[in-house]
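Trainee: Below is one structure. I have some questions about it.
The values are calculated or read from the model by the stated rules, or taken from the named source; none is laboratory data. These figures come from a predicted structure and were not determined experimentally. FYI the Cβ positions are ideal-geometry reconstructions off the backbone, even for glycines, and counts take in every protein chain you see.
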């Protein structure tokens with residue numbers, strides 16, 4: 001199922017870019033359902049490669065809104081009150097060594113925080129020239145907004161798992177208790193990091209519901225992870241709240 005040029009103005013074009021792949025989905029903002037989606041594996045992660053992909057006829061349609069999640073894995077969260085008295089670069093260098101690759105930031109008012117992150121300048125220029133009305137946010141901004149668009153009062157452990165890395169969030173009493181990104185090579189690395197974080201924070205894993213995003217309900221790695229956790233790991237059976245979580249939750253950012 002696709003979208004016609006005449007109907008595109010009623011839809012949202014949501015895109016996601018990492019060093020390994022570029023994917024996009026066309027969504028109905030009213031139903032928040034995906035009409036069509038596509039994924040491209042990247043070989044060079046370059047402006048020329050992306051520019052070629054954006055020549056597809058679908059990217060020439062006029063959409064209601066445009067959004068992109070991207071950025072490097074280096075980001076930092078800071079309370080909005082502190083951000084008002086500091087410069088992004090000064091904050092960022094407390095956590096990461098220089099040089100920095102074009103710092104930017106997103107405000108997340110519902111959590112009272114600002115997300116400072118790196119995004120290569122060539123990405124911003126390419127997508128802004130192609131889509132002048134585009135909203136660009138860090139991938140973790142859409143993740144945070146998406147997670148807190150769901151009930152977060154009871155203790156929950158959230159995992160967004162990509163091919164080479166994963167985000168780990170802990171939420172409780174509608175607050176963000178923990179947030180970080182980890183690289184991994186084997187599924188055992190994910191198991192280790194999650195248990196290590198829980199141990200360091202002196203939290204009992206069995207007290208937390210576990211929600212997994214970025215993968216389909218029948219993901220082959222699910223059983224491997226489940227064998228190491230007392231709580232049932234939940235993957236939604238709808239793409240918008242499972243493998244396409246980041247794409248669908250971009251609607252909260254525009």
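Trainee: Please determine, by comparing only the residues of region 128-140 that are in contact (Cβ under 8 Å) with a residue 24 or more places away in the chain and surrounded by fewer than 21 Cβ atoms within 10 Å (Cβ to Cβ), which one is farthest from residue 177 (Cα to Cα).
Mentor: The selected residue is 130.
Trainee: Could you give every pair whose Cβ atoms fall below 7 Å, whose first residue belongs to region 2-16 and is modelled with pLDDT of 95 or more, and whose second residue is surrounded by fewer than 13 Cβ atoms within 10 Å (Cβ to Cβ), counting only separations of at least 6 or pairs across chains?
Mentor: Final answer for the pair search is 8/62; 9/62.
Trainee: Picking from 175, 164, 156, which residue would you name as being assigned by TED's automatic domain parsing to the domain that holds residue 237 and closer than 23 Å to residue 83 by Cα?
Mentor: 175
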